[in-house]
Amino acid sequence: MNLGVAQKIMEAHLVKGRLVAGQEIGLKIDQTLTQDATGTMVYLQFESMGLASVATELSVSYVDHNTIQDGYENADDHQYLQSVAAKYGILFSRAGNGICHQVHLERFSVPGKSLLGSDSHTPTGGGVGMLAIGAGGIDVTLALAGSPFFLECPKIVRINLHNRLPPFSSAKDVILTVLGILTTKGNTGTVVEYGGDGLAGLSVPERATITNMGAELGVTTSVFPSDRVTLAFLKAQGRAQVWREILPDAGAQYSRVIDIDLAMVVPMVAKPHSPDNVCPVKDINGLAVDQVTIGSCTNSSYTDLMRVAHLLTGRRVHPRVSLVIAPGSRQVFRMLAENGALAAMVTAGARILEPVCGFCIGNCHAPCTEGVSLRTTNRNFKGRSGTPSASVYLVSPETAAVAAIRGVVTDPRDAGLACPAIAMPTAFVIDDSMVLSPPPPTERDAVTIVRGPNIGAPLQLEPLADFLAGVVAIKVGDKITTDDIMPAGRRLKYRSNIPKYADFVFEPIDATFSRRCLEYKQKGIDAIIVGGESYGQGSSREHAAICPRFLGVKAVLARSFERIHFANLINYGIVPLVLASHADYEVIQPGDVLETSGLLDSVRQAESIVVSNKTRGMTFQAQLTLSDRQRDILLAGGVLRYARGTDEISVRSVQSV
């Protein structure tokens, strides 16, 4: 059988199931990454398993999200993460070393390896030919313990890129073009594989920009071949020895093939409030801008920021604009400082942030009230910037820099500026001193795990009950994100303290939700959430399942779910039911009492379930499409309870691709 790149890597890591689209498979995980916003729960859960060390080839714990230490909580979490890493054999990337995806791409990516990360933008690693997948933290916990990662075997969509990008068109414009074609919904159970003669003109950082924002498509992951371009990048990082060529076979079959002529790609923008609300930049020329932020795991590479520096050199940021720039890694930061590019940025009037996620997750540099913010980030959900009334537009670094100078949105081709031609370095500055290695196994017993008062404990869950009777505590619309469910920004510092963080569930939509659920819980009444299409899109934040479960939410009924959140709900014993029709969704209202009996038998074997709306005197069907393993997890009351009762935490050796 002729295989594509993604199929080759999956086949080499397959430990359970068959590579048939739609069937559940289990893949051996070689590497994991966590970041501080999700990592504390990963490691609290790992501690509860009683294992001596991790079972992966490589695991890295990054601190890159909450480095603003407003109060003791974040600093306490960082101490906890550092001590846990030392205890269990995990590399620890200190605050200031860089954003997990950028650093991992630079220093730890290996073509053909599998990477599971507790962050939805883990597919960045696909830029070097890794099978890099974002997942909920509990799935990463199990991978650390040696369990396979289970998922629906994806169908593969091939996107052929032809020719070369013209001046002022960039990789960001490519992925925004793809988002215009595929949109943010309807792509679950899919891997995007890139090919075509246009790959020769795309560097690894450019490829990584494209795979990074593949997360916004809702796909499982995106992947490029590992070719001579990949080798050049790894050689420049001093890691040529990990390279291997991975190309698709001639005649490989795909479920769909899309062709994009790079020569026809123009500067693009995603307008508020969705990454797929795209149009050419030219269509919004002249829009006054209040803020420009350049960075994030999408566009913070050396070449990205060198282009920005060249555009800013000899010019000044417009008086109305606040320009913030964040390098993606300490490596990038140091190289910019040493070659004078950083000085050019500062001289132009830019504000420089340490290499962290920062403004991307709304924990700093929020725009002004009703402000227009141009960002090179990957998401522009309403309120994610930290300012609910702001309008966030996603653009390339080149478009962002030109807008910062002119004060209005401007197609960079019309700005009368020369397009910077920045070559990839033949050698990057190598300094891994801020990545701490754990002590030898013989010394780890002496390591004491540091627990500040903000460090909590995993949820203790009970097996599924046979009868479910609950009140609809909230009804929401389409494209509800995990940011809508669990706000980040200033609330994210409570991520290790579930009872406290649960106070803010659905805060951006209904600040009374948590209080209402706790009142139900005190009366012994379960809560139910009703949602529209693409419920749970965006971040992999498993707190969007953990905190509702803590509040007593036992089921979510939605028109459709996004992959990671659907898995997270199951992993925490929340029954995810798909409403069969829009009419059923319209009928259900907040406060309705819903009941279903014989739930255990339904979960064991049924594809649909009858739900009674006692308030309205009617019944309706809801779909319950699960794998056998997912059914067993729900019955057990969550994936940790399930895993402890099976031999799943043991992966047989498989040959690497």
Taking Cα atoms only, Rg over Rh for the chain with Rh from the Kirkwood formula is 0.95
Output the antiparallel fraction of DSSP beta bridges having both residues in the range 1-152, as a percent to the nearest 5. 30
Excluding residues fewer than 8 places away in the same chain, name every one of the lysines whose C-alpha is closer than 29 Å to that of K87. K28, K113, K493, K500
List the aspartates and glutamates whose alpha-carbon lies under 13 Å from that of K554, not counting same-chain residues fewer than 8 positions away? E462, D466, D526, E595
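For the range 1-158, rounded, prolate or oblate, judged on the Cα gyration tensor with a ≥ b ≥ c (square roots of eigenvalues), a/c < 1.5 rounded, else prolate if a/b > b/c?
Details: a/c = 2.32, a/b = 1.71, b/c = 1.36.
Since a/c reaches 1.5 and a/b is larger than b/c, the shape of the range 1-158 is classed as prolate.
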Virtual spin-label span in nm between I525 and R641, 7 Å along Cα→Cβ: 2.4
Gap separating the Cα centres of the range 273-347 and the range 129-155, nearest whole Å: 33
For the chain the mean separation of alpha carbon contacts under 8 Å (6+ apart) over residue count, i.e. relative contact order in percent, is 16
Using amide H atoms built 1.01 Å from N in the peptide plane, name the residues 5+ places from M618, or on other chains, whose amide H lies under 5 Å from its own. N613
Can you run phi through the Karplus equation (6.51, -1.76, 1.60; θ = phi - 60°) for the range 154-170 and list ³J(HN,Hα) in whole Hz, with x for Gly and Pro? x, 7, 10, 9, 9, 10, 8, 9, 10, 6, 10, 5, x, x, 6, 9, 9
Could you work out the relative contact order of the range 468-644? I mean the mean sequence separation of Cα pairs under 8 Å and 6+ apart, divided by the number of residues, in percent. 23
Whole Å is fine, so just give me how far the alpha carbon centre of the range 437-464 lies from that of the range 356-385. 33
Gyration tensor (alpha-carbon) shape descriptor, the range 430-544, a/c threshold 1.5: prolate
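What's the longest piece of the chain with no exposed GluC sites (Glu not before Pro), counting a site as exposed if DSSP puts it in a loop and it has at most 11 other beta carbons within 10 Å? Don't jump to the answer; show the numbers that get you there.
Numbers: sites that count: E370, E607.
In short, 1-369.
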Considering only the range 5-264, what is the antiparallel percent among its DSSP beta bridges, to the nearest 5? 20
In whole angstrom, the spacing between the Cα centers of the range 1-67 and the range 592-643 equals 28
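Find the relative contact order for the range 268-414 and round it to a whole percent, using C-alpha pairs within less than 8 Å whose residues are 6+ positions apart. Numbers along the way, then the final one.
On the way: 345 pairs, mean separation 53.2, N = 147.
Once normalised by length, the contact order is 36 percent.
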Could you give the angle, 0 to 90 degrees to the nearest 10, between helix 513-522's Cα long axis and the longest principal axis of the Cα atoms of the chain? 20
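What shape does the range 518-657 take by its C-alpha gyration tensor, where a ≥ b ≥ c are the square roots of the eigenvalues and a/c under 1.5 counts as rounded, a/b above b/c as prolate, and the rest as oblate? Can you show the working numbers first?
On the way: a/c = 1.76, a/b = 1.69, b/c = 1.04.
Prolate, since a/c reaches 1.5 and a/b exceeds b/c.
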Could you pull out every residue, at least 5 positions away or on a different chain, whose amide H is within less than 5 Å of the one on N299? Hs are placed 1.01 Å off N in the peptide plane, and Pro or chain starts have none. none
Could you derive backbone 3J(HN,Hα) for the range 523-531 from the dihedral phi with the Karplus parameters 6.51, -1.76 and 1.60 (θ = phi - 60°), listing whole Hz in sequence and x where the residue is Gly or Pro? 8, x, 9, 6, 10, 10, 10, 10, x
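Ignoring everything except DSSP H segments at least 4 long, calculate the 222 nm mean residue ellipticity for the chain; use -39,500 (n - 2.57) per segment, divide by total residues, nearest 500.
Numbers: 21 runs with 185 residues, N = 657.
Here the helix-only value at 222 nm equals -8000 deg cm²/dmol.
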Computed ³J(HN,Hα) along the range 66-83: with the Karplus parameters 6.51/-1.76/1.60, θ = phi - 60°, integer Hz and x for glycine or proline, the list is 10, 9, 6, 9, 7, x, 7, 4, 5, 4, 4, 4, 5, 5, 4, 4, 5, 6
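None of the figures in this text is laboratory data; all of them are computed from the coordinates on show. Quick caveat: nothing in here was measured; it's all calculated off a predicted structure. Note that we place each Cβ from the backbone using ideal geometry, even for glycine, and neighbour counts take in every protein chain shown.
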